[in-house]
1. Quick check on my filter: what residues within the range 103-129 are in contact (Cβ under 8 Å) with a residue 60 or more places away in the chain, crowded, with 24+ Cβ neighbours inside 10 Å and farther than 19 Å from residue 57 by Cβ?
2. Hey, among the residues in the range 298-330 that are surrounded by fewer than 15 Cβ atoms within 10 Å (Cβ to Cβ) and of a type in the set (A, V, I, L, M, F, W, C), which one's modelled with the highest pLDDT?
3. Which is modelled with pLDDT of 70 or more and over 25 Å from residue 329 (Cβ atoms), of 101, 84?
4. For the range 1-18, enumerate the residues that are modelled with pLDDT under 70 and buried (at least 17 other Cβ atoms within 10 Å of the Cβ).
5. Cβ contacts < 9 Å: first residue more than 14 Å from residue 277 (Cβ to Cβ), restricted to the range 297-319; second residue of a type in the set (Asp, Glu), any location; separation 6+ or different chain. Result?
6. List the pairs whose first member sits in the range 67-82 and is more than 12 Å from residue 241 (Cα to Cα), whose second member is open to solvent by 10 Å² or more (accessible area, probe 1.4 Å) and acidic (Asp, Glu), and whose Cβ atoms are under 7 Å apart, counting only residues at least 6 apart or on separate chains?
7. Looking only at the range 163-177, how many residues end up being touching an Asp or Glu at 6+ places or on another chain (Cβ under 8 Å) and buried (at least 22 other Cβ atoms within 10 Å of the Cβ)?
8. Across the range 197-233, what is the total count of residues that are in a loop (DSSP other than H, G, I, E, B) and among the acidic types (Asp, Glu)?
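The values are calculated or read from the model by the stated rules, or taken from the named source; none is laboratory data. Since this is a predicted model, take the numbers as computed values, not measurements. Positions of Cβ are backbone-derived with ideal geometry, glycine not excepted, and every protein chain shown enters the neighbour counts. Areas reflect the complete protein model, heavy atoms only, side chains present, ligands, DNA and RNA absent. Shrake-Rupley method; radii C 1.70, N 1.55, O 1.52, S 1.80 Å.
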Amino acid sequence: MNVTLSTPDVLRTALAGLLDGLPPKQAGQAVDRLIANYRGATPTDAPVLRDRSDVAAYAAYRMPATFEAVRAALDGLAGAAPDWAPGSHVDVGGGTGAAIWAADAIWAEPRTTTVLDWAEPALALGRELAAASGLPGLRAAEWRQARIGAALKLPESDLVTVSYVLKELAERDRGALVAEAARAARAVVVVEPGTPDGYLRIIEARDQLIAAGLRIAAPCPHSGACPIEPGEDWCHFAARVSRSSLHRQVKGGSLAYEDEKFSYVAAVRFEARPARGRVTRKPQIRKGQVLLDLCTVEDGLRRETVTKRHGPLYRAARDTAWGDVWPPRATEDGPDA
């Protein structure tokens, strides 16, 4: 494979190669079953992915979106700690490995990587994808079967990722997993769907990580209480996902992209510089001004208006996206509210 391609392009090519030949009807049936499982409210104590056809359908249905969401979360961590890179990475419940692909897209430095999952078919396909990537860091990853629950013991690692896993666990197992990640890692990143209940799981994990002595690096500008009133709103972001023709076929869509909504928290045991503010909604661009909804250190949730009189900052505001740091890290002071 051409390793000069970007990591997302390499992933799309690897997926297309491994999924070539899977009967569309079989893929569609597996996708329907997976959608029912992922939209359900009951945690499971057995793997959702049962066989290779399930795993192949999952890879086409979910892996590109999971990759983009985790990449955005890891980018938030990297922005808060630009001089840090993980020398080791454990991905818990990693399935086919979207999170290790995301880490490869963020950090060029070599690292040891371990993917833990209870579904051997998912690990097998993830191993194949990594081997087909041509990317040394992915090809060297270790894929290990493990039951994800209260009894799981993690090796000490610079980075532990837990993405789209907590929803599948009972409350007792969720708490135990987050506690174990906090014990084992210097940095923990948890990603969940960008839904009200996904946000609540992130807040629970955030509280646990802070209680365990970690500090919040992203997306929050502080390690204090979340200023969002429970039941009134929820903190989430969106990642744009490019969809291949195969991806569109399996998902039954026609657009060349989709937006993956996600919530996340990144917490660390080392020095980090969280954003002074984070854009929490899609910016509203109007004639001569940009309206930004922010979560800030000083004032909690507030709206800021950036106008033409702010010069370069106004131009920056017009290019600012939902989830971005505000003000840009290169500036010292934001505009007047």
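1. Selection gives 104 alone.
2. Ranking the qualifying residues of the range 298-330, first place goes to 321.
3. On the way: 84 fails: over 25 Å from residue 329 (Cβ atoms).
One residue alone meets the criteria, 101.
4. Once the filter is applied, which keeps residues that are modelled with pLDDT under 70 and buried (at least 17 other Cβ atoms within 10 Å of the Cβ), the range 1-18 yields only 18.
5. Correct list of pairs: 310/336.
6. none
7. Filtering the range 163-177 down to residues touching an Asp or Glu at 6+ places or on another chain (Cβ under 8 Å) leaves 163-164, 166-167, 170, 174-175.
Still in the running and buried (at least 22 other Cβ atoms within 10 Å of the Cβ): 163-164, 166, 174.
Of the residues in the range 163-177, 4 are touching an Asp or Glu at 6+ places or on another chain (Cβ under 8 Å) and buried (at least 22 other Cβ atoms within 10 Å of the Cβ).
8. Residues of the range 197-233 in a loop (DSSP other than H, G, I, E, B): 212-214, 219-233.
Retained after the next criterion (residues that are among the acidic types (Asp, Glu)): 229, 232-233.
Residues in the range 197-233 being in a loop (DSSP other than H, G, I, E, B) and among the acidic types (Asp, Glu): 3 in total.
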